[in-house]
Amino acid sequence: MNWIKTLRIIIIVAVIFIALILAFPLNEKIRLGLDLQGGSHIILECVDTPNAPVDDDAVNRALEIIRNRVDQLGVSEPVIQREGAKRILVQLPGVDDPETAVEMIGKTALLEFKNEEGETLLTGAHLVNAQASFDQFGRPIVLIEFDSVGANEFGEATRKNVGKILAITLDGEEISAPVVQEPILDGKAQITGNFTVESAQHLALLLRSGALPVKVEILENRTVGPTLGKDSIEKGIKAGLAGLVLILIFMGVYYKSFGLIADFALVVCMLLIVGTLAGLKATLTLPGIAGIVLTIGMAVDANILIFERIKEELRLEKTFRASIDAGFNKAFRSILDSNLTTLVAAFALFYFGSGPIKGFAVTLSIGILASMFTALIVTKIILELAANRLSPKALL
Amino acid sequence: MELFKDRNFDFIKHRKVAYTISAIILLIGLLSILFQGFNYGIDFAGGTLLQLRFDQAVSTAEIRNILGEFNLSQSTIQRLSEENEFIIRAGNIDDEQRREILLAFEEKLANPEVLRMETVGPIMGEALRRSFIYALIFAFIGIILYVTLRFEFKFSLVSVLALLHDALIVLGIFSLLRKEISVQIVAAILTIIGYSVNNTIIILDRLRENMKLRTREKMENLINLSINQTLTRSILTTLTTIFPILTLYFFGGSMLSDFALALLLGMVVGTYSSIFIASPLLLEWNRIFQKEQKAVRATGKKMVKNNFKK
């Protein structure tokens, strides 16, 4: 055995070893997409209103406020980022109550205090704190606290309206309309509305994080519950394993000992795909699982091309070793061509596609590259090593 | 083992039959696309999708009744293969209305669990549609460029004609069956485009090899020989690719079944077109081209112009 061969074997073993380390344990190493672990994918757009036109600064401030709200909701590893000029992407993996989450994110939460004439005397801009609490009758309320500027304004507003109604509105809707008993000068007030414990907490959270500087609209909201995600993973794995077993059996029956070599290469290929996926910290989505399943079938294509070529060479009365060499050489261009065209399509999908579909493009591309490696290098080395023990008759 | 021993099918002789079959299927599909259009999913059309699992058996009619109370009786209600699971597709339903609908289900039918909820605004659908058209154009141009660089223009022309044939047939069948066109289906079409050119390339590759080896052989014989020589591997590679697609279709759940169906159709049509359409088309091209050359040799350029007028 010459040293180049030894080196190749070492490289193959090393690659398999690295893939194993990268990929296992699977549930820790593979990052799941929102469609598999459950969660919400939301695209918001800041829209112009007569009072608040959208500019770059407003979008950035809105993004910070949304980030603040999401943090307070206690979502782990959320994604909040700008998409283009006016859009904000929010991803909330594993969120318990997506419904409320979405509602909390998109609310402008502009708190206003209005006199009986409907004039706005002050807003929630100078709030320093808001907490849910209970009044003396055990009803949920929201306690708010102004900074010094706010306290002055609030003192002024209450002083001028003693004995009158000072309405508290959120986004133009009245929450409560208390009558001012006496001027409040310490900057502390309570909002008594028709609250439940939960809604009081929500309002407090919204007020703490501040009002959005512009109106935001939900352009897209894709939410998957945790049950469906788990279902999808189970079914995807089941389909993948069934497909894998079918192919393993088929190759073994059709190509006998050669088929077993292709089977080994296929298993290595699967391992490489999962290892690469984990190594790149790529996200596995449901279409991504479909991409892996599809690769199972495409991966053996290269082996079939090679084996069929070797068969032809054998029929030309060439020696076994010469046939193996010629088979690989002549099949190489076809394998490269056919895989590259699929890569072109996968690239188009990755570049122009969105969301979970990108996951399909990723696994398909990784699968194509891994299958080329295993078919052209792993299969070849094993064939050469085993050439003495294999009977060419198994192919014919 | 050998799938086709001593194979010597005459694909060229019977090519008109294949052309006719393809033309009929294409025509039916195109008519359906033209008159019936596509059943765009909410990805592209916008709207709201709700996937629900009820804790008791309910019927589509019962669901439609309740939706009717919200003026949503026009919604599409699809019963999934999973027990008591349904997908409801409607125009835009806002958060408030959705909550009311779910409450109505709970009170009047059975407890619904929301498995999936998607709302896509019309702007996003429009943008998504545009970006997928770009993706399709990009893939086509990329493949034309690659095949042209590797072979020559006439090879890439027939490959792309075969690809268009495959994509249009799958789209036509989806339009005919009123199957939903979602992001996944477009991804499947793109994959078909990338994969189905493989079989064509393998035949063309062999054809080129044979053209070098047997320079005196007639083109139709060379094409026949090349298709026959590569027939086993064309069928085998398609077969092995179809196996996992079938398991995806049967075990992958409702989320992936249409995707698998599109891939399956594409693989079958793609292999068929590689063998029966793409390679024979090369002969047509050659005939037109050679006739022209002979004409040039015989009577000069005037004849060529006349030829074109025909």
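Could you give the length gained on full extension between B:Arg216 and B:Asn65, defined as 0.36 nm per residue of separation minus the Cα-Cα distance, in nm?
Full extension of this stretch gives 47.0 nm more.
Residues of chain A: accessible area per residue at 1.4 Å, in Å²? Can you show the working numbers first?
Working: 17930 Å² over 396 residues.
I get 45 Å² per residue for this part.
State the answer as a single residue: which of B:Thr76, B:Phe54, B:Ile101 lies farthest towards the positive end of the charge dipole of the range B:47-120, with beta carbon charges of +1 for Lys and Arg and -1 for Asp and Glu, about the Cα centre.
Result: B:Thr76.
Accessible area drop of at least 20 Å² (1.4 Å probe, protein heavy atoms): which residues of the range A:345-360 qualify, relative to the chain alone?
A:Ala345, A:Phe347, A:Ala348, A:Leu349, A:Phe352, A:Ser354, A:Ile357, A:Phe360
Tell me the Kirkwood radius of the range A:278-355: reciprocal of the mean inverse pair distance over distinct alpha-carbon atoms, in Å.
About 14.8 Å for the range A:278-355.
So what's the back-of-envelope 222 nm ellipticity for chain A, counting only DSSP H runs of four-plus at -39500 (n - 2.57) apiece and dividing by all residues, rounded to 500?
After summing the helix terms and dividing by residue count, I get -19500 deg cm²/dmol.
Hey, if we sort B:His165, A:His126 by accessible area with the 1.4 Å probe, largest down, what's the order?
Details: B:His165 15, A:His126 55 Å².
From most accessible down to least: A:His126, B:His165.
Once each part is reduced to its C-alpha centroid, what is the distance from the range B:35-69 to the range A:30-57 in angstrom?
Cα centroid to Cα centroid, the span is 25 Å.
With every protein chain left in place, what is the accessible area of A:Ser257 in Å² (1.4 Å probe, nearest 10)?
Accessible area, nearest 10 Å²: 40 Å².
Mean separation of Cα pairs under 8 Å and 6+ residues apart, divided by the residue count of chain A: what relative contact order is that in percent? Don't skip to the answer; put the middle values down first.
On the way: 667 pairs, mean separation 79.7, N = 396.
For chain A, the relative contact order is 20 percent.
Which value, in debye to the nearest 20, describes the size of the charge dipole of the range B:47-120 about its Cα centre when Lys and Arg Cβ atoms bear +1, Asp and Glu Cβ atoms bear -1, and nothing else is charged?
260
Calculated from DSSP H runs of 4 or more alone, at -39500 (n - 2.57) each and per residue, what is the 222 nm mean residue ellipticity of chain B, nearest 500? Please list the in-between numbers first.
Working: 11 runs with 215 residues, N = 310.
Taking each H run of at least 4 residues, the total per residue is -24000 deg cm²/dmol.
Specify which residue in the list A:Leu390, A:Ala101, B:Tyr146 is farthest towards the positive end of the charge dipole of the protein assembly as shown, using unit charges on the beta carbon of Lys, Arg (+1) and Asp, Glu (-1), about the Cα centre.
Looking along the dipole axis, the top candidate is A:Leu390.
Radius of gyration and Dmax for the range A:38-223's Cα atoms, expressed in Å?
Cα-based Rg and Dmax for the range A:38-223 come out at 17.3, 52 Å.
Give me the percent of Cα-Cα pairs in chain A that sit more than 30 Å apart, rounded to a whole number. If you can, show how the numbers build up before the last one.
Details: 44932 of 78210 pairs.
The share of Cα pairs beyond 30 Å in chain A comes to 57 percent.
Note every residue of the range A:265-295 with a reduction of at least 30 square angstrom in accessible area, all protein chains present versus the isolated chain, computed with a 1.4 Å probe, or write none.
Buried by the other chains: A:Leu286, A:Ala290, A:Val293, A:Leu294.
Taking 56 Å as R0, compute the FRET efficiency from the Cβ-Cβ separation of B:Ile288 and A:Val79 and round it to 0.05. Walk me through the numbers before you get to the answer.
Working: r = 56 Å, r/R0 = 1.00.
That pair, B:Ile288 with A:Val79, gives E of 0.50.
Quote the charge dipole size of the range A:219-261 about the Cα centre in Debye, to the nearest 20; the model charges only the Cβ of Lys and Arg (+1) and of Asp and Glu (-1).
Value, rounded to 20: 120 debye.
Determine the share of chain B's accessible area contributed by carbon and sulfur atoms, expressed in whole percent, with a 1.4 angstrom probe.
About 60 percent, which is the carbon plus sulfur part of the accessible surface.
For the protein assembly as shown, taking Cα atoms only, what is the radius of gyration to one decimal and the Dmax to the nearest whole Å?
32.2, 111
Nearest 100 Å² is fine: what is the total accessible surface buried where chains B and A meet, probe 1.4 Å?
Using a 1.4 Å probe, the pair buries roughly 6000 Å².
Provide the per residue accessible area, probe 1.4 Å, for the range B:47-120, rounded to a whole number of square angstrom.
That works out to 48 Å² for each residue.
Between the alpha-carbon centers of the range A:90-119 and the range A:289-304, tell me the distance in whole angstrom.
47
Mind checking the full-extension length gain between A:Val179 and A:Val149? Use 0.36 nm per residue of separation minus the Cα-Cα distance, one decimal, nm.
Additional length available on full extension: 8.5 nm.
On the first, second and third principal axes, largest extent first, how far apart are the outermost C-alpha atoms of chain B in Å?
85, 52, 31
For each pair in A:Lys29/A:Lys238; B:Lys16/B:Lys154; A:Lys380/B:Lys218; A:Lys235/A:Lys380; A:Lys256/A:Lys358; A:Lys256/B:Lys16, compute the distance between the two Cα atoms and list the pairs where it is over 31 Å.
Pairs exceeding the cut-off: A:Lys380/B:Lys218; A:Lys235/A:Lys380; A:Lys256/A:Lys358; A:Lys256/B:Lys16.
Which longest run of chain A has no exposed loop site in it, a site being GluC sites (Glu not before Pro) in a DSSP loop with at most 15 other beta carbons within 10 Å, and the site itself not part of the run?
The longest uninterrupted stretch comes out as A:120-316.
Before anything else, pin down the relative contact order of chain B: Cα pairs under 8 Å, at least 6 apart, normalised by residue count, whole percent.
Numbers: 382 pairs, mean separation 73.9, N = 310.
So the answer I get is 24 percent.
Which one, A:Thr342, B:Gln184, A:Phe360, projects farthest toward the positive side of the charge dipole computed for the protein assembly as shown from Cβ point charges (K/R +1, D/E -1)?
In the protein assembly as shown, that residue is A:Thr342.
Between the range A:318-371 and the range A:140-178, how far is it from one alpha carbon centroid to the other, in angstrom?
After rounding, the separation between the Cα centres reads 67 Å.
About its Cα centre, what dipole magnitude does the protein assembly as shown give when the only charges are +1 on Lys and Arg Cβ and -1 on Asp and Glu Cβ, stated in debye to the nearest 20?
6080
The values are calculated or read from the model by the stated rules, or taken from the named source; none is laboratory data. Not measured: the values here are computed from a predicted model. For neighbour counting, all protein chains shown are included, and Cβ atoms are generated from backbone atoms with ideal geometry for every residue, glycine included. What goes into the accessible areas is simple: the full protein's heavy atoms, side chains included, and nothing from ligands, DNA or RNA. Shrake-Rupley method; radii C 1.70, N 1.55, O 1.52, S 1.80 Å.
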